[in-house]
Amino acid sequence: MSAKHELTMSATATVSLENLLHIRRHFGALPKRTVAIEVKSEAQEGRGPDRGALALAPLDQVEALVLEEVAASSRAGADDV
């Protein structure tokens, strides 16, 4: 992250998802097993018709990861959720 981005986040009191998860974990506000899946599109910049296709490309992988995590949670039982 650039210094400008860091300053903007600080000035606007923006809290990243990662920090929010750490804070909630500290105060016991999350289940024992919490999974976050971060998705970043290859189409970070620009506009146009190709951007939409690139942004949607990782959705199949995301769906597979989510299904895998749900199955793992089911196998672990209610105590770990």
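We did not get these values from a lab; they are worked out from the coordinates using the rules stated. Note that the structure is predicted; figures quoted are calculated from it, not measured. Here the Cβ is made from the backbone with ideal geometry for all residues, glycine too, and neighbour counts use every protein chain on show.
Overview of values
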{"quantity": "Distance (nanometres) between label positions extended 7 Å along Cα→Cβ at ILE23 and HIS5", "calculated": "2.0"}
{"quantity": "Gain in span if fully extended, GLU63 to SER16, counting 0.36 nm per residue against the direct Cα distance", "calculated": "14.6 nm"}
